[in-house]
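In what follows, a structure is listed as structure tokens, so that the remarks can point back to it.
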């Protein structure tokens, strides 16, 4: 209506009144437009004094008086036009609350005057809803007979509520069924369906009820209380079980059903809760509490779409218990949400009377104040009318028309009107911008953009246009263009542009920029719709920056510590020789691993590398595949590279057991070159699995294989051999043997004894023997101790002698050379091989037997000419690899 | 021209697999898995060369006087067996010569570090030669051809 009025207002100018009256009329229109209704009413009155039935002036007077709260005056004004549908409608609207029947009559008059129009029937229904629900229902049905699109819901829902209130359930049901059948797609039909469901279940409940709700027995009440206690303690499942059992026992207990509904609601089981409440309502419809619970459920769990039904329920609850202030407040709230402000105001006021200091009294007072507040008079906008002087009046009128159409969402008409404006005033920026807005509303962003750009060419200092362009670009994902336009707006002081720029910076992860821009935003912003989002964005930016800093710190610290740890470990890590020095006992284990590397890995596998290289050059796919399997494994079997890593890990583990951190890959002269070669093999894996097609590339890979082969087969293999030889080789000399003897003689057990000096004879010293130095020292020392003890106890002083002779032997079949250490003494007494190996000896000799055996040696007792006996230790002689084979063979 | 016949004596299949792939065009290769089988093969056919592995820890039958070795190792049967296994190549070679077979023997063993031992064996078992542990198929081909010349 207001839009229509606006249209008439603008169209009225220039009508057929005398210039003087016309001027009065224009002044009236201007005053009304400005909200100065007193002046407007006076001016309209003066026009009507001259032209008493000038309909536009009559309507203007009515509106002006109505705006001032002068309802009787307004009615009187409208009555001048007793045959005008517009005036009749205005009177009907005014009378709906104060005299519904009169309003209904007026709507009926309109039905006659506007035969075929459906809306007067709806007005009649609205007028009669509170006073005559059946007549209202008839009006609704007439309305539905005529309406050719989705019917309007609010009035019809009110009528349905009134019918239920008046116990006209059958009529309500018929109306709801018709609505659901004929307009199932209307957006308010779910509420109709819900109301119909409720009506049906209530009817069903009526059939169920044959007597008053049965009170609970003492035992049943105990169960109910226990269930409530369980629910209060959070054991809702237990509460549910207890209540279900109770309901089985007492199915007509509304209290049990209602409590069950409450527990369901606690668990978020809304549908179950609703059904339970409905049973409670059906069993005991006179109990306000279940209506209140049901209403609250509808309000809180349906997002507002069932508020009308909730209002009905709360109204019933209030009717049943008028003193229940909380229900009155809840009713006020739901009335307000349904935009029935008069009812809401009344309810708030009622609540405040009932409970002036209640929980919601403060809010209720504010609501009363807000709802009672009158709008202030409009400001005088005529004074700031900045229509450019050069814009013709015709263009201005068309512009206003375009705005009116735009407001009514009649975009085509608006576009036509604004096109007319631009024909006459092509550089009028307000019109260009309106044209852009209309294009955008029609979904034509390109045209909108073109219009705005055109507008900026006329006047680049339009901050809001820059902002609009920026927003549009951003919506379309054109971020660079959006940023440029928003910068333009920001430069012209638009805080919103800064917010959008900050948001874009945040989205792109540039949190510093976002923070900086937000600072500028808050310097410019004094509120507005972007203020709260900007505050939220600022929190996000601060969080992000903190996270970023933490991440940087954390990452930096991690990297730093990792590097530090790496270098500490690298610096602390030692080669294999350190392990052998610090823990000579590890030699045996080291030797086993190194031997395995040499024998299992290098000997049997890497010798293929040269052939593999040849196969690669020749394109012998099968041969290459065979070699690749050996190197990299196949079907779960580990290849050379992986097994090498395993052996390295074994050695490092061995080092850790002895407290030595090993760095074999970098620091060990033996393993570092092998590790490098293995790394190269690892890098070649893909190329070997899928050999290059180009022969040049294959040759290149082959060359690398040859290079690795040399490193492993020649250099590493021989280095390992030398290492093994050094590791397990002791150069036996008389001097070394005497040093051991000296240490033994200095032991406390022997220092007080008068012992003979050891006589040592070594055939050709030094003799390389396969044994670890520590083990040999222990073997010699133990046997000397044994000999000294024996001669000390069992040898006459004059005969006491002890000797050690070292001779070389060779095995006939295997050709293996051995070294015999013959420990001779003059001690009397019996020592046999069986005693020696049967452990019927001292701990020292038992250890000696173990050590000798470990080195593949033998130990036994022999008779020795000139001596009582000799304990003979046989160890493997090591050959010197320095001697050329050919020379030795010739020898 | 008929290919030279080489009897490969090894307890596994590593050598025969590699030889078959890389030397199969040059020699007729037959593998036996232990000393007794080797002696049977020698009795059954003519061979141009015998390729001998040294260690036979996967063979079920070993050549050598186990009882004597047990005595040497003070009744330690396990150690005696291990000794036989570790040096079985020389025991087989010894058996071949004792049986009167004059075939060239090519050991797969690194005698580079044990020249005196090799010299000792040469005096008893010639003609013998060896390829060290790092010899590839090409080296082995050369060694065989050299012995067959």
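The values are calculated or read from the model by the stated rules, or taken from the named source; none is laboratory data. Just so it is clear, the model here is predicted, and its values are computed rather than measured. A quick note on method: Cβ atoms are made from the backbone with ideal geometry, for glycine too, and the neighbour counts reach across all protein chains shown.
Which is assigned to a helix (DSSP H, G or I), touching a helix residue (DSSP H, G or I) at 6+ places or on another chain (Cβ under 6 Å) and assigned by TED's automatic domain parsing to the domain that holds residue A:466, of A:515, A:523?
Values: A:523 fails: touching a helix residue (DSSP H, G or I) at 6+ places or on another chain (Cβ under 6 Å).
The match here is A:515.
Comparison of A:803, A:815 shows that the only residue that is without any contact (Cβ under 8 Å) to a residue 24 or more places away in the chain and either buried (at least 17 other Cβ atoms within 10 Å of the Cβ) or within 60 Å of the chain's Cα centre (by Cα) (or both) is A:815. Is it true that residue A:450 is part of a helix (DSSP H, G or I) and closer than 21 Å to residue A:496 by Cβ? So residue A:450 does not fit the description; no.
Out of the residues in segment B:121-130 that are within 23 Å of residue A:598 (Cβ to Cβ) and crowded, with 21+ Cβ neighbours inside 10 Å, state the one that is farthest from the other protein chains (Cβ to nearest Cβ).
From segment B:121-130, those within 23 Å of residue A:598 (Cβ to Cβ) are B:121, B:129-130; that's our starting set.
Pick out the ones that are also crowded, with 21+ Cβ neighbours inside 10 Å and you get B:121, B:130.
Values: B:121: 4, B:130: 9 Å.
That would be B:130.
Condition check ((1) more than 7 Å from every other protein chain (Cβ to nearest Cβ); (2) farther than 18 Å from residue B:9 by Cβ; (3) crowded, with 20+ Cβ neighbours inside 10 Å) across all residues:
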| position | (1), (2), (3) |
| --- | --- |
| B:91 | no, no, yes |
| B:98 | yes, no, no |
| B:103 | yes, no, no |
| B:106 | yes, no, yes |
| B:112 | no, yes, no |
| B:115 | no, yes, yes |
| B:119 | no, yes, yes |
| B:139 | yes, yes, no |
| B:145 | yes, yes, no |
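Only one of these conditions is not met by residue A:174: (1) touching a residue at least 12 places away in the same chain (Cβ under 8 Å); (2) surrounded by 14 or more Cβ atoms within 10 Å (Cβ to Cβ). Which number is it? Exception for residue A:174: condition (1). Restricting A:737, A:720 to residues that are away from every other protein chain (no Cβ under 13 Å) and under 22 Å from residue A:855 (Cα atoms) narrows the list to A:737. Can you find a residue that is within 14 Å of chain B (Cβ to nearest Cβ) and outside any strand (DSSP E or B) anywhere in segment A:815-828? Yes.
Inside segment A:259-337, counting only helices (runs of 4 or more DSSP H) that do not spill past its ends, which hold 2 or more residues that are buried (at least 23 other Cβ atoms within 10 Å of the Cβ) and in the same structural domain as residue A:163 (by TED's automatic domain parsing)?
Numbers: elements: A:270-283, A:288-301, A:307-320, A:325-337.
Counting at least 2 such residues, we get no helices (runs of 4 or more DSSP H) at all.
Among the residues of segment A:361-368, is there at least one that is surrounded by fewer than 17 Cβ atoms within 10 Å (Cβ to Cβ), touching a residue at least 12 places away in the same chain (Cβ under 8 Å) and either touching a helix residue (DSSP H, G or I) at 6+ places or on another chain (Cβ under 6 Å) or outside any helix (DSSP H, G or I) (or both)? No; the residues of segment A:361-368 include none that is surrounded by fewer than 17 Cβ atoms within 10 Å (Cβ to Cβ), touching a residue at least 12 places away in the same chain (Cβ under 8 Å) and either touching a helix residue (DSSP H, G or I) at 6+ places or on another chain (Cβ under 6 Å) or outside any helix (DSSP H, G or I) (or both). When segment A:38-74 is filtered for residues that are under 58 Å from the mean Cα position of the chain (by Cα), surrounded by fewer than 22 Cβ atoms within 10 Å (Cβ to Cβ) and part of a helix (DSSP H, G or I), the ones remaining, listed by number, are A:66, A:67. Residues in segment A:711-723 include at least one that is surrounded by fewer than 18 Cβ atoms within 10 Å (Cβ to Cβ) and over 30 Å from residue A:617 (Cβ atoms). What do you reckon, is residue A:256 in the same structural domain as residue A:338 (by TED's automatic domain parsing), out of contact with any strand residue (DSSP E or B) (no Cβ under 9 Å at 6 or more places or on another chain) and in a helix (DSSP H, G or I)? When the stated conditions are applied, residue A:256 passes them. Filtering segment A:101-112 to residues that are surrounded by 14 or more Cβ atoms within 10 Å (Cβ to Cβ) and farther than 15 Å from residue A:140 by Cβ leaves A:102, A:103, A:105, A:106, A:109, A:110.
To keep it simple, each residue is scored yes or no on (1) farther than 25 Å from residue A:473 by Cα; (2) touching a residue at least 12 places away in the same chain (Cβ under 8 Å); (3) crowded, with 16+ Cβ neighbours inside 10 Å.
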| position | (1), (2), (3) |
| --- | --- |
| A:407 | no, yes, no |
| A:423 | yes, no, no |
| A:427 | no, yes, no |
| A:432 | no, yes, yes |
| A:436 | no, yes, yes |
| A:457 | no, no, no |
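Inspect segment A:747-765 for any residue being more than 26 Å from residue A:799 (Cα to Cα) and touching a helix residue (DSSP H, G or I) at 6+ places or on another chain (Cβ under 9 Å) and give the result as yes or no.
Yes; the residues of segment A:747-765 include at least one that is more than 26 Å from residue A:799 (Cα to Cα) and touching a helix residue (DSSP H, G or I) at 6+ places or on another chain (Cβ under 9 Å).
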